[in-house]
Structures are given as C-alpha cells and as structure tokens.
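I have placed the structure first, in the form of structure tokens, so that the comments after it can refer back to it.
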Amino acid sequence: MIFGVPDGLHAELTWLPCPDGALPGVVSRTWGALKLWVDAETCVWGSDGDPVEWNWNDLLAFLADAWAALVFEEQRPFSGLDEIVLGNLRDQIEQRWTTFDNEADIDQQDERLRAFECRHDLARALRGAEVPSLLLLRSGNQMIVGSGLREWRQPVDDVLSCLEGLAGHIRSRLATMAEASPLIAAWDSRKERCAQEGFRLASGLDEARLKRIWPAKNQNLPRPANTNLPELAVAARMMDGVLKDSDIGRLLAELGKLHPTRTQGLDTHADLCRIHSGLLSESEPRAQGERGAVWLRRHRQMADASRFDPAQFLTEHSVEIIERKLGTRKIDAVAVWGPSHGPAVIVNTEGQRSSQPAGRNFSLAHEIGHLLMDRRQGLPVAEVLIGKKWTRVDRRLETRANAFAAELLAPKAAVNRMFCECFSDHSVLETSLDSWMSRVAEHFQASYELIAWQLNKLDLLRGDDRLLIRKYTRSLGSL
C-alpha cells in the first residue's frame with residue numbers, strides 16, 4: 001500500500017514472508033519491504049532500487065513514543081543551530097565539538113542531541129538497519145524534512161497524515177496478536193499524550209518552569225485539542241531568554257485575555273498577496289517581501305510617494321493594537337493571530353525601535369507582512385519581534401517581513417525619484433545628505449536607517465559616497 005501525497009513525503013509498504021531465522025511473533029508478522037520518498041523523485045529509503053526489508057513494528061513503536069514531539073516541538077536541541085540544514089545537524093555539531101576544551105560540555109550536548117534524534121529521526125526506529133537519517137521538525141504549519149545536505153518544507157498535515165496512515169497499517173497487521181497489545185495501546189493513546197504534553201513541547205520549557213510562569217496559578221496548563229500550535233506556548237518560547245519569567249507570565253496573562261476576531265477582509269488580502277508576491281514560486285525572500293508591499297500599495301491605490309499608516313490598516317482589518325511597557329528594550333512587539341486569540345499586536349513602548357514613532361511604524365508594518373504572508377505556513381499563531389536579533393523565528397521569514405515593511409513605508413521608486421531630484425550633482429552629497437534624509441524620513445514617518453537601506457538597495461551611490469550612509473545602517477542588519 002502507498003501512504004502520503006505523490007509530491008511530498010510518501011511510503012510504499014508490502015508485507016513479505018518472514019526470512020529464515022527471524023524471530024516469530026510480532027517480528028515475523030510485520031516483516032515487509034518499504035520504500036520512502038520525500039517528493040515525487042527523491043527516494044531516501046530504497047534509493048538503490050531495492051526496498052528496505054525490516055520488521056516494521058519498530059517504526060510503529062518509534063512513532064507511538066515520538067508522536068507528540070513530531071506534532072508540537074519546533075526547537076532544535078540547543079541554540080545556534082537554526083542556520084544548519086536539519087539533515088546535516090549531527091555532522092555540523094560534531095565539527096563544532098572539535099573546538100571545545102571541556103569534555104563535559106561535549107557530553108552534555110551529545111546527550112541532548114541523541115534525545116532530539118530519538119524524537120525526530122525516523123532512522124532511529126530501525127535499530128540495526130542501515131538507512132539514511134531522515135529528520136522531521138515542525139516549523140509553523142510546515143514540516144522541515146531533512147536528509148543529508150538536502151531539506152524540504154512540506155505541509156505539516158500532509159506529513160503527519162502519511163505517518164499516521166503508515167502506522168495505522170502496521171497496527172492493523174498486529175491487531176489480533178495479544179503480545180502486541182502494549183504497542184497497540186501506546187499508538188492508540190497518542191492523542192491523549194499530545195493533549196498532556198503538547199503545550200510544554202510547543203513552549204520548549206520544562207513543566208516545572210512553565211507552571212511557575214503560567215499566570216493562572218490554580219489551573220493546569222492548556223491541553224491542545226488538535227494539531228494546531230497553541231498560541232501562548234509559542235509566544236512563551238519566543239520570549240524565553242529575553243524576558244524574566246515573571247514578565248513572561250504577565251504578558252501571557254495579557255495575551256490570554258484576547259478573544260479571537262473574524263478577519264475575513266484580512267484573509268482575502270492574504271490570499272491575494274500570496275498570489276502577487278511570488279510566495280507560490282521559489283523567488284528570494286527579500287524580493288517576495290518587496291513584491292507583497294508593492295501589491296498592497298497598488299491594491300489600495302496609493303501613489304509611490306504617499307505615506308502608509310500601518311496602524312490605520314491594522315485597525316481597519318480588526319487587528320487590535322495594544323501599547324504596554326514590557327520592562328525590556330529587547331522586544332519591540334508581540335503579536336498573536338491563532339484560532340484562539342487575536343489577531344492583535346502588543347507594542348512595547350520601551351522597545352529599542354518601537355519606543356519611537358518611526359520604529360513603531362516599522363514594527364507594525366513588519367507584523368502586517370507576517371499577517372499577510374506567513375499565517376498559513378511559517379508563523380501560524382504568534383511572533384515576538386526582538387530588536388536586532390530574530391533567534392526565535394525562521395530568518396527567511398524575518399528577512400521577508402523586513403523587506404515588506406521597508407517597501408511598504410518608503411517605496412524604492414519614490415526614494416529614487418526624491419534622491420535624483422535633489423542630487424543631480426553628487427558633489428553636494430556630503431553637505432546636504434543629512435538634511436535630505438531628515439526630510440524624506442519625516443515625509444514617510446520612517447527611520448533614517450530604513451531610508452538609508454532603501455537608498456543602498458538602489459545602488460545610486462558609488463565609492464566613498466556609500467560611506468556617507470553607513471552610519472545610518474547599523475541597527476537593522478540587512479533589509
């Protein structure tokens with residue numbers, strides 16, 4: 001039988017007679033030949049033409065144990081690994097260990113890495129078989145599928161459906177065997193374990209700490225009813241290491257008060273933006289963000305030089321904006337938009353950028369980018385916008401949202417025209433650039449650095465002239 005979709009993760013399993021010398025019972029009952037593909041062309045198990053012959057009760061046992069982690073866990077085993085191809089995780093980490101002086105640190109990381117692999121590497125199910133690693137890790141509404149140096153992103157529901165169908169087929173094979181009843185019971189109880197462990201796994205925090213943080217002290221942690229990521233757990237994970245536990249709890253209480261709001265108009269905008277921004281193709285994230293912003297301005301019939309008010313747009317589309325002091329400069333905004341809360345944006349009035357009007361506009365425009373382009377895939381429930389660093393969110397999504405915000409607030413076409421009108425003679429740049437930056441930033445209600453980055457992208461400056469804008473482009477990284 002074949003399980004999964006042809007252009008995504010899919011498997012073909014055929015039962016075989018048990019080979020001579022194999023153990024009777026469960027092993028012989030589940031002996032079969034399996035081929036596993038990650039897309040229409042790439043076969044990762046059985047790639048040499050011969051399927052993998054094994055006792056597939058091992059795979060059922062693995063999936064029963066790991067199911068809750070596959071459904072809810074988004075974090076890699078420790079920080080600093082987000083840029084590494086998932087399938088090459090161990091090789092890259094072992095290379096890092098060559099620079100470590102303390103063996104105890106290596107042992108500690110190795111223990112965490114092994115535990116992660118036991119939850120996310122399907123090859124760990126086949127103890128004794130030689131098959132390539134195949135790691136699965138959720139990222140929003142997508143599943144990252146990694147093998148070797150290659151990585152695929154597929155709808156999480158498609159991947160889970162493939163695995164569930166395959167496991168169900170193995171379970172049916174064992175249904176009449178009394179000795180298999182513990183294994184069958186473990187698989188059948190997977191949804192209950194998801195309900196028990198889902199919030200903790202999605203938060204990335206241990207249960208004791210979560211209970212200290214959780215604002216409703218006399219209540220148990222929420223129990224996810226399905227495979228949707230719980231918004232408050234994701235928000236807690238993104239705030240970990242940035243806010244004190246007491247402040248995380250206070251902010252979770254604030255988010256917990258938000259009721260879900262119908263956003264039909266925003267959803268329509270999101271559908272159209274996805275079509276017109278190149279999200280459905282393989283275009284580069286920065287280009288996607290810029291195209292999305294160009295589309296939105298044109299859709300609203302705005303001239304290039306017109307000022308875009310992100311707060312007005314959010315209010316028009318039933319997205320609540322809340323201003324709060326969060327007790328840190330590191331966070332600019334916290335946004336939620338899942339099925340149970342929001343959409344809403346909490347703006348930190350003490351944030352490094354968001355404490356100033358221009359930075360507040362950028363933060364809100366950035367969240368509009370996520371609302372239009374990422375709710376269906378990479379960021380389905382929440383985001384915490386953290387100053388210069390985006391350690392909790394896929395960097396490609398942040399690059400796209402930043403480019404979207406910059407183009408939405410200060411279109412390159414307008415910046416280009418305003419620059420050329422003022423500086424037909426580049427010899428006056430050094431004496432006049434500051435005053436020009438001030439006028440343009442005021443016109444668009446954008447920061448100097450945003451205008452400088454837009455100018456930088458236009459490639460209008462040459463040689464030493466480029467040094468004149470460098471002082472403005474230090475805190476946003478790259479737009």
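The values are calculated or read from the model by the stated rules, or taken from the named source; none is laboratory data. From a predicted model like this one, the values you see are computed outputs, not experimental measurements. Methodologically, a virtual Cβ is constructed for each residue, glycine included, from the backbone with ideal geometry; neighbour enumeration extends over all protein chains shown.
One residue stands out among those in region 263-291 that are touching a Lys or Arg at 6+ places or on another chain (Cβ under 8 Å) and outside any loop (DSSP other than H, G, I, E, B): the one that is surrounded by the fewest Cβ atoms within 10 Å (Cβ to Cβ), which is His276.
Checking every residue in region 111-128 against the condition of being under 25 Å from the mean Cα position of the chain (by Cα), farther than 30 Å from Leu16 by Cβ, surrounded by fewer than 16 Cβ atoms within 10 Å (Cβ to Cβ) and among the hydrophobic types (A, V, I, L, M, F, W, C) gives at least one match.
Residues Gly87, Gly49: which one is crowded, with 22+ Cβ neighbours inside 10 Å and modelled with pLDDT under 95?
Values: Gly49 fails: crowded, with 22+ Cβ neighbours inside 10 Å.
Going through Gly87, Gly49 in turn, just one is crowded, with 22+ Cβ neighbours inside 10 Å and modelled with pLDDT under 95: Gly87.
A residue that is surrounded by fewer than 17 Cβ atoms within 10 Å (Cβ to Cβ) and in a loop (DSSP other than H, G, I, E, B) occurs somewhere in region 327-336. Are any of the residues in region 130-151 part of a loop (DSSP other than H, G, I, E, B), among the hydrophobic types (A, V, I, L, M, F, W, C), within 22 Å of Gln75 (Cα to Cα) and not assigned by TED's automatic domain parsing to the domain that holds Arg396? Yes, region 130-151 contains a residue that is part of a loop (DSSP other than H, G, I, E, B), among the hydrophobic types (A, V, I, L, M, F, W, C), within 22 Å of Gln75 (Cα to Cα) and not assigned by TED's automatic domain parsing to the domain that holds Arg396. Any residue at all in region 317-331 that is touching a strand residue (DSSP E or B) at 6+ places or on another chain (Cβ under 9 Å) and at positive phi? Yes, there is a match, as at least one residue in region 317-331 is touching a strand residue (DSSP E or B) at 6+ places or on another chain (Cβ under 9 Å) and at positive phi.
In region 210-261, of all residues being surrounded by 15 or more Cβ atoms within 10 Å (Cβ to Cβ) and free of Cβ contacts under 8 Å to residues at least 24 places away in the same chain, the one that is nearest to Val156 (Cα to Cα) corresponds to Pro222. When region 449-465 is limited to residues that are in a helix (DSSP H, G or I) and free of Cβ contacts under 8 Å to residues at least 40 places away in the same chain, the one that is nearest to Gln352 (Cα to Cα) turns out to be Glu449. Among residues of region 187-245 being of a type in the set (Lys, Arg) and in a loop (DSSP other than H, G, I, E, B), the one that is farthest from Ser79 (Cα to Cα) is Lys217. Could we say that Thr268 is over 17 Å from Glu73 (Cβ atoms) and at pLDDT 90 or above here? For Thr268, the condition - over 17 Å from Glu73 (Cβ atoms) and at pLDDT 90 or above - is met.
Considering (1) under 22 Å from the mean Cα position of the chain (by Cα); (2) of a type in the set (A, V, I, L, M); (3) surrounded by 19 or more Cβ atoms within 10 Å (Cβ to Cβ), the lone condition that Val294 does not fulfil carries the number (1).
Residue-level analysis places Ser161 outside the set of residues that are closer than 26 Å to Leu379 by Cα, at pLDDT below 90, assigned to a helix (DSSP H, G or I) and not basic (Lys, Arg).
Taking (1) closer than 23 Å to Leu371 by Cα; (2) among the polar types (S, T, N, Q); (3) surrounded by fewer than 18 Cβ atoms within 10 Å (Cβ to Cβ) in turn, Ser161 satisfies each apart from (1). Counting only helices (runs of 4 or more DSSP H) wholly contained in region 1-118, the ones carrying 1 or more residues that are without any contact (Cβ under 8 Å) to a residue 40 or more places away in the chain occupy 26-29, 89-97.
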